[in-house]
Amino acid sequence: MPLSKLAHYSIRTNDLERSRRFYTRVLGLREGYRPPFPFPGIWLYLGPDESDYGVVHIIGVDPANPDGLTDYLGDKELPATGTGTVDHIAFLATNVEAFWATLRKAGCRWRDRTVPSLGLHQVFVEDPSGVTIEMNFPASEVAALALPAHAAADKTEGSGG
């Protein structure tokens, strides 16, 4: 049974709307079809094709009615924030300058790093649940810009993810 690709990652959250805004407005994912599960949630897609079942599944925790989620996925304590033992999730992307502008507009904090040996520029940002998202851009995009002084250090702009 060889693996072919990572299907999706799921996040449990107490704030479904805040997560929806982050993933659609900041990362640019599109909300799409989600089966009628007995608990709230959102399935997010990279593009118009819904045959891959979405790349991010947001699982809403309904404190008033936790049985639907518990019966379907099992009981799991929701940590306050963070990725737990998963360090981060990464996406490939283009147009780092537009992404920086989106992060500024959304009031997100982020960190930039360049890995010259890979030709990769990384932007790390946290989602509303504290899950670290790594966006990977071609390093040539950053080299072509008059690199802002802040690109080599942690960002302190905005109010956080």
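The values are calculated or read from the model by the stated rules, or taken from the named source; none is laboratory data. Being a predicted model, the structure only gives us computed values, none of them experimental. Ideal geometry is used to build each Cβ from the backbone, glycine not excepted, and the neighbour counts take in all protein chains shown.
Tell me yes or no: at least one residue of region 36-56 is modelled with pLDDT of 90 or more, small (G, A, S) and closer than 20 Å to M135 by Cβ.
There is at least one residue in region 36-56 that is modelled with pLDDT of 90 or more, small (G, A, S) and closer than 20 Å to M135 by Cβ.
Would you say V86 is loosely packed, with under 12 Cβ neighbours inside 10 Å and either within 26 Å of E141 (Cβ to Cβ) or under 16 Å from the mean Cα position of the chain (by Cα) (or both)?
In short, yes.
Tally the residues that are surrounded by fewer than 12 Cβ atoms within 10 Å (Cβ to Cβ) and of a type outside the set (D, E), restricting the search to region 49-64.
Matching residues across region 49-64 total 3.
Is one or more of the residues making up region 12-25 assigned to a loop (DSSP other than H, G, I, E, B) and not assigned by TED's automatic domain parsing to the domain that holds M135?
Scanning region 12-25 turns up at least one residue that is assigned to a loop (DSSP other than H, G, I, E, B) and not assigned by TED's automatic domain parsing to the domain that holds M135.
Restricting to region 19-40, name every residue that is surrounded by 14 or more Cβ atoms within 10 Å (Cβ to Cβ) and under 23 Å from C108 (Cβ atoms).
S19, R20, F22, Y23, T24, V26, L27, G28, L29, R30, E31
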